[in-house]
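Okay, structure first, notes after.
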Amino acid sequence: MTRSIDDDALEWAIRTGDPEFDDWDGFTSWLEADPAHPSQFEIASGVLEDAGRIVATLPLRHSAEPANDPKPGRRRFLQWSGGAVAAAILLGTGLSLWGARPQPYMIETAAGEVRTVALSDGSEIVVAGGSRLMLDRSKVRFAALEQGGALFVVKHDASAPFTVQAKGLSMTDLGTVFEVQLEKGSTRVAVSDGAVLVDPEGARLRLDPGQAVVASGAVLRREPAGEVGAWREGRLIFNDVTIGEVADALTRHLGIEVVASEAVASRPFSGTIDAAGVAKDPASLGPLLGVGVRTSDRRWVLQADR
Amino acid sequence: MIDSMSKAGLEAVYLANRDKLVRFLKARGAGDAAEDLVNELWFRVSTNRSGPIANPLSYLYRAANMLMIDRYRSTRQAELRDREWSRADENGQPLSLPSVDRIVEARQEAARVAAILEELGARREMVFRRSRIDGVPQRLIAEELGVSVSTVENDLRVACRVLADLKEQMR
């Protein structure tokens, strides 16, 4: 089988991918040496990125850990031990491993895409469609959710709590599985396993499994968690939201534009929507939400029923 | 020795090397867009909050390289999207969700990649992850794993070659 990815191009793609790479003059010379080189490089670089993306979604095997790691590091979804709380509050926003200089990078998902990110500490973040999550290579135990939603599966480490920031709301895990969802006016945190300390510098609300909190402005309101992460199976659960928010959530999840007309956008809705069923049969949204559904080429409009 | 740079210092390096950066962007295939891209590069870099930069010229080159990578990714995604939108179901209705075959395809692909990682072995997998996903310098990975830098380089070369070949096969 012929290799379509050129050896030299691949070598340059690997070398330039290293943050300490310095031979830009050498790289420029190679690029200029042959008109085929620039596109060979782009292809090699793109293929490597694709491969990396797939590998990042695969779980880390326990055997694939550095030889000199002092902690045996099993990924645990167990109950957190009470003694860790004090340490969690003191340590704040996570460890800085490679020096103070921040090295932020963004995970951005298209609407309809679900991506799992494996972090180097063994934690995993499942990012929902239409979302933006900021991570930082210099701060392994930290994430900032800027848009959309994500499910966090955090590897327990009592000496280094995992902190998530979601639009001004801060929370610290203590070895947990929990979900954060950003809506237009509010942020929701729900815990499936372990415990999360919400707003550790302020309200210090502790969430145990099955508990959730909705933060809207300065108000924190507790509610039952319901099914955490059900969106991964295509079930979107809404608890007293507006039809407009349902439309936004469907857009992010399905990858098709769903908009609510002014007439119906602020109507309240609570219930569960099976995204796959609705994608096959958009009209079924109508009776479910009490609206009319007008579908066109690339968007659905939710409007007042005749 | 770390040479720390204020924003004015970085700007001086940028201005002094702007021509080199334009040449690099052209070498990468930017063509006539190179001038616009270097301006965009400066805009992004200057509005990005960051601490002292150890090697400012390298930092600017890297930012230029990333810009080209983003551009290429956008073009590819647009092409993929166009292909997706032109698919339709049996009634001629445009398909908006990945069809069952795509989902199965993606799962099969993931399974083949997992099998490759198994064959590559724990250390090579770790090197690939630390370098390509976590962005750790090879020099530091070598320290982490207690091996030489050339071992890390070799591991990375082997892992990337095998994974790249697989991805190309499946295209």
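The values are calculated or read from the model by the stated rules, or taken from the named source; none is laboratory data. The structure presented is a predicted model; accordingly, all values stated were derived computationally and were not measured. Cβ: placed from backbone, ideal geometry, glycine included. Neighbour counts: every protein chain shown.
What about B:Arg130, is it of a type in the set (D, E, K, R) and touching a Ser or Thr at 6+ places or on another chain (Cβ under 7 Å)?
Judged against the criteria, B:Arg130 is a match.
Among the helices (runs of 4 or more DSSP H) confined wholly to region A:3-59, which include 2 or more residues that are over 18 Å from B:Leu21 (Cα atoms) and either more than 8 Å from chain B (Cβ to nearest Cβ) or more than 24 Å from the chain's Cα centre (by Cα) (or both)? Talk me through it step by step, then tell me what you get.
Numbers: elements: A:7-17, A:24-33, A:37-57.
Output list reads A:7-17, A:37-57.
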Notebook entry, point to check: Out of curiosity, is A:Glu227 of a type in the set (Asp, Glu), closer than 23 Å to A:Arg188 by Cβ, modelled with pLDDT under 90 and crowded, with 19+ Cβ neighbours inside 10 Å?
Noted result: no
Note to self: Suppose we filter region B:16-29 for residues that are in contact with a Phe, Trp or Tyr (Cβ under 9 Å, 6 or more places away or on another chain) and not polar (S, T, N, Q); how many remain?
What the structure shows: 7
Item checked: Extreme residue, surrounded by the fewest Cβ atoms within 10 Å (Cβ to Cβ), among residues of region B:101-120 that are facing chain A (nearest Cβ under 8 Å) and not charged (D, E, K, R) -> B:Ala110
Item checked: Residue pairs meeting the criteria (Cβ under 6 Å; at least 6 apart or on separate chains; first under 13 Å from B:Val13 (Cα atoms), in region B:43-66; second at pLDDT 90 or above and of a type in the set (Asp, Glu)) -> B:Ser58/A:Asp22
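So, in region A:165-179, of the ones that are more than 30 Å from A:Ser266 (Cα to Cα) and hydrophobic (A, V, I, L, M, F, W, C), which residue ends up surrounded by the fewest Cβ atoms within 10 Å (Cβ to Cβ)?
A:Val177
Which residue out of A:Gly94, A:Gly99, A:Gly82, A:Gly112 is at pLDDT below 50, part of a loop (DSSP other than H, G, I, E, B) and farther than 21 Å from B:Arg130 by Cβ? Explain how you work it out, then say what you get.
Details: A:Gly94 fails: farther than 21 Å from B:Arg130 by Cβ; A:Gly99 fails: farther than 21 Å from B:Arg130 by Cβ; A:Gly112 fails: at pLDDT below 50.
Result: A:Gly82 is the single residue among A:Gly94, A:Gly99, A:Gly82, A:Gly112 that is at pLDDT below 50, part of a loop (DSSP other than H, G, I, E, B) and farther than 21 Å from B:Arg130 by Cβ.
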